[in-house]
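Below is one structure, written out as structure tokens; comments come after it.
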Amino acid sequence: MNQDWKIDKIDTSKVAEAFAKELKEGQPKTYFLNGTWGSGKTEYLKEVENVSNNYFKFVYLKLWKPKNKASLAQNIFEAIHPKFYWVKIILYIALFVIIVLAGTYLSTITIIQRQLSNHEKSWLVVVACLITTLITYYQNNFFDMDRLLLWRDKRNLQRKKHPRILIVDDFDRLHKDVQDELYLFFNQLNGKTRIIFVGDFDKISKNEDNYLSKIIDRQIGLPVQLQSDNIAKLINTKLRNNLENYKNPDKKSYLYKYTRDFEFNDIAEIFINERKNARDANKYLNYVQNQLIGRNKLDKVYLTQELLIIYLYLFHRNYYNDLLNNHSVVQEGKNKTEIENLINKILFSNNSLRISFKKNPTSYFIDDLATNHSMAELIETSENKEELKSIFYIKNKKDYLEFYYFITNDIAKKDYSFMAEVAIEVVGSSEYEMPNDLIRFVLQKYASQLYDGRKTKINRQLSEQEKLKYKASADEYVISKFEKIFNKVQKETDHVVTNGKKLHIYRELVDLFNLKQFSYDDYAQKYFKQIIISSEKEKDFGRKPYDAETLLYVLNFNYDQIKYNKFYTNIPPTIESQVKIIENLCDTEYIYFWNIFLRYPRERVFHSFITDGNLLDFDQLHFSYKGEIYANHVLDRCRTISAKS
């Protein structure tokens, strides 16, 4: 992993210089530096100390320490004289050593009987008196050391030469008893020395006895550079710079720029409203780096949603847990909080280029691995024949949804010729299996791309050789491209693209007759007429898969916008005129034909008629056939076929 993601040190030197000048030129006052915990107050005061050029000695009093049992006087004295702490420690150690040595010595002479010399007796008396005096002092507190220390503290803090500034850090976190003790002491120093209380004033002002307001001369805020709105901007900038500079795994496409784009305004607004600070920002950036880079989610998830998930995990764990357990937070309704509205707005909307949280929440949760794929991986899939085939065979849309989003997005501009070849090979190997929507989309896009590409080319200045290439009409150009694919598939595989399959591809998948660029010119008319004639002349016509497609073309199925005289000079054939060919269809083709023909344009499901319906409403079937109405004959035969299966 590269260098840790965090906002750079914020320059507050200009504001610090102004404050240092005020402290130097003004009379001694008591200040309160207001800011939330972790907002950079101490760092700002260090900057003030730095720019004051050692005119002041800054004394930092940190009373908010676990297990700090020292008295106020001792804490202040140690803050003013840091070396005193080590002197005290050394004295404690020396005393301990003396007591141990004295005790050892007494034990030794007690166990080993011998006559003591005068010198030894003197030392023994001194040690015993010292120990006794110390114990007596400790137990009875004959001498008030704290009073002496406080007297020295006040003298030190009020000195004129190299004046002190006492910083009381994290004042809002102190116990109320400690705060009250400080009030009494600092009230004696008010107007005589410079004191800066540091903390969150809102928390202190809630106390019933807010003595601090009586001794504070001026309340000051943090520089604007340390405020939440500026910190939010720095997060946004840091994220965009890091994502832009991080290695691009997709050398073939510019799409990674879209997968690394995100909206941060809404999250920034929550960040500002909740008064988050630089410490929160760096913690947030650290988690973003860990999830996107460490957990390899970059380019695989919708970034805006992942950024919100991380924010919830860090600062609104209750909402995150609701998402983790239920994949939802709030139902529709009124009185939703700001964060609930944001969750609904960001997490439960879909992204057209990536699989969203709504579709695959597991990929977005903290420390879970993303099962989605990057643009680079999806592009590689679109160029891999075997992987494409496996996707085209999938029936459940949920299982190919990610590739569907990738391939159907307008941003993902690509050449569909290779995918069209694979799609036609899949169709050629299938019998009566409706291919998934990906195949339909690819073939329709390929046809449109051919039309548009030709139009763009002929509008430019072409060489003579290029003019010959585009000499044919638009319809002929497109159909010839498909014919090349049909021939290539038949040559390279065992799958024969029969006339019926070609008609099925043009009608159902390419939807050529409904394509706006398709003009159905003379070439196209001759092409389809030749397919129909060739099919009907085959000995086993009506027995092969998709032979029924020929009849659908003959009967002008589903091409209402095409004028009949483009295909026929006279009125197109009726069902009655084609009944002999229809009835010669094998059972599978018979069901296939009627299922399609009767489903459109009324959008009825044919199989419902087989069980409990009738076909008498179809005027084209209301003629006599073998002594009965043809509609009843069709229904009876379909029921018989259905019963066999």
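All of the numbers you see were taken from the coordinates with simple rules; none came from a lab. Every value quoted in this text rests on a predicted model; they were computed, and no experiment measured them. Ideal geometry is used to build each Cβ from the backbone, glycine not excepted, and the neighbour counts take in all protein chains shown.
The table below lists the values:
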{"quantity": "Amide H within-cut-off set for Phe32, under 5 Å, with H built and near neighbours excluded", "calculated": "Phe197, Arg218, Gln219, Ile220"}
{"quantity": "Built amide H within the under 5 Å cut-off of Lys57, gap 5+", "calculated": "Arg164, Ile165"}
{"quantity": "Exceeding the 24 Å Cα-Cα cut-off - candidates Lys389/Lys481; Lys481/Lys537; Lys491/Lys544; Lys414/Lys457", "calculated": "Lys481/Lys537"}
{"quantity": "Coarse-grained scattering of the stretch 474-546 at q = 0.20 Å⁻¹, given as base-10 log I(q)/I(0) from a Debye sum over alpha-carbon atoms", "calculated": "-0.95"}
{"quantity": "In sequence order, calculated HN-Hα J values of the stretch 382-397 (Karplus, 6.51, -1.76, 1.60; Hz; x Gly/Pro)", "calculated": "5, 10, 10, 4, 5, 5, 4, 4, 4, 6, 5, 7, 5, 9, 7, 4"}
{"quantity": "At most 10 other Cβ within 10 Å, DSSP loop - chymotrypsin sites (Phe, Trp or Tyr not before Pro), the stretch 259-347", "calculated": "none"}
{"quantity": "Entries in Lys300/Lys395; Lys395/Lys501; Lys445/Lys469; Lys203/Lys276; Lys484/Lys539 that, when Cα-Cα distance is taken, lie over 18 Å", "calculated": "Lys300/Lys395; Lys395/Lys501; Lys445/Lys469; Lys484/Lys539"}
{"quantity": "Candidate aspartates and glutamates for bridging to Lys336, where Cα separation is under 19 Å - those fewer than 8 sequence places away on the same chain excluded", "calculated": "Asp266, Glu269, Glu274, Asp322"}
{"quantity": "Three-way shape label, the stretch 393-451, alpha-carbon gyration tensor, a/c 1.5", "calculated": "oblate"}
{"quantity": "Rounded if a/c under 1.5, otherwise prolate or oblate - the stretch 358-408, Cα gyration tensor axes", "calculated": "prolate"}
{"quantity": "Within the stretch 433-515, GluC sites (Glu not before Pro) in DSSP loop having at most 14 other beta-carbon neighbours inside 10 Å", "calculated": "Glu433"}
{"quantity": "Alpha-carbon gyration tensor eigenvalues x 5, square-rooted, for the stretch 415-564, Å", "calculated": "26, 18, 15"}
{"quantity": "Values of log10 I(q)/I(0), in the order q = 0.14, 0.19, 0.20, 0.30 Å⁻¹, for the stretch 1-55 under a Debye, Cα-only, solvent-free model", "calculated": "-0.47, -0.75, -0.81, -1.30"}
